[in-house]
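The values are calculated or read from the model by the stated rules, or taken from the named source; none is laboratory data. Everything quoted here is computed from the prediction, not taken from an experiment. Backbone-built Cβ (ideal geometry, glycine too); neighbour counts: all protein chains shown.
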Amino acid sequence: MSDSEFEPGITSTTQAVVRASRRITPDSTDEVRQIVLHINEPAYYFMEGQTLGVLTPGPHPYGNKYHHRYYTIAKANAADDGVDLELLVRRCFYIDEVSGEEYPGEASHYLCNAQVGDSITLTGPYRSPFRIPADNSSNLLMLGTGTGIAPFRAFLGRIYDEQKGWKGQVRLFYGARNGTEMLYMNDLNNDLTNYYDQGTFRAIQAVHQGVLSDAGDALKSGVENHLDEIWTLLQSPKTHVYLAGMKKAAAMFDRTMSEKAGSESAWNELKQQLADDKRWTELTYI
C-alpha cells in the first residue's frame, strides 16, 4: 500500500507484528495492556521516550481511511532479528457531548483487541518533546497520570543511567485511582526503584479511591500535599516542568497553581515565562 493513501504529512510507514499482549490490571478496574510490537528491521532507529504513530484501518467517520494516534515507547529492546517496542495502552472511551452516548476509542480498542501475530502499521518514531536540559544542575518537575508515566520512565533512565551525576532536584508526581494503577510505575518492571538511592530523586505516588474519582483527582491530592515544595521549585530559573497524561489533569494543575499564585492571571504569567524560556512541556490527551 502506498504512503499516498495515508493522511497528509505521513511520509513513511513501518510494519510491526504483535509479539505479546497481556492485561496488567484486574477485571475490576479499567483495562490496561502491555503490548510488545516486533519490527523485523535490526537497523530500525529509536529511543525510549519517543512516540510512535499507530494507523488504525477504517472505515472511519467523515470518510477517513485511517485513524492516526500517537503512543509513547515505554520500553525498547534491540535484538539480532529486529526490535521489540513496548507500549502501555489503556482501553479508552469517550462521551459524545451532544447525545451523551459512550463510544470506544478507535486506536486503543484496535490495539487492545489485537492478537499475537497481527500486523500493525506504524509511523515514526517521532522525537520526544521531553528534552533533557544541557545543565545537569537543572531541577525537573514531572507530573503524570495514567499511561502518561511512560515517557518519564524512559526520561529518568536517560538522566541517571546515561548522563550520570545529575545534580538538580528531580520530582515525579504520579496520580492513580487505585493501587493497581501503580503498575504503570514500579510494580510492572520495578524500574523506578532503581533511582530511589539517588539523592536528587523523589517520586510522590498519590492514590485516590473515591467513588467518582479518577487519576486526575489523585494527582491533585499529591500536588496539594506538596504545594509549597512545588511552588518553591517553580520560582527557580533552573526548573523545567514536564506534564503528561490526561488534559483534565493539566487543567487541574492550572487551577491548583492559580490558587497558590493568588489569581489565574498571576499563574498564567509565570507559566508563560516558563514556556518562553522553553522550560514548560506538555504531552496530553483527552
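Looking only at the range 28-43, filter to residues that are more than 14 Å from residue 86 (Cβ to Cβ) and at pLDDT 80 or above; which one of those is surrounded by the most Cβ atoms within 10 Å (Cβ to Cβ)? Talk me through it step by step, then tell me what you get.
Going residue by residue through the range 28-43, those that are more than 14 Å from residue 86 (Cβ to Cβ) are 28-31, 40-43.
Keeping just the survivors that are at pLDDT 80 or above gives 31, 40-41.
Working: 31: 16, 40: 12, 41: 13.
Result: 31.
Are there any helices (runs of 4 or more DSSP H) wholly within the range 197-271 with 2 or more residues that are at pLDDT below 75, and if so which?
Hits in the range 197-271: 215-225.
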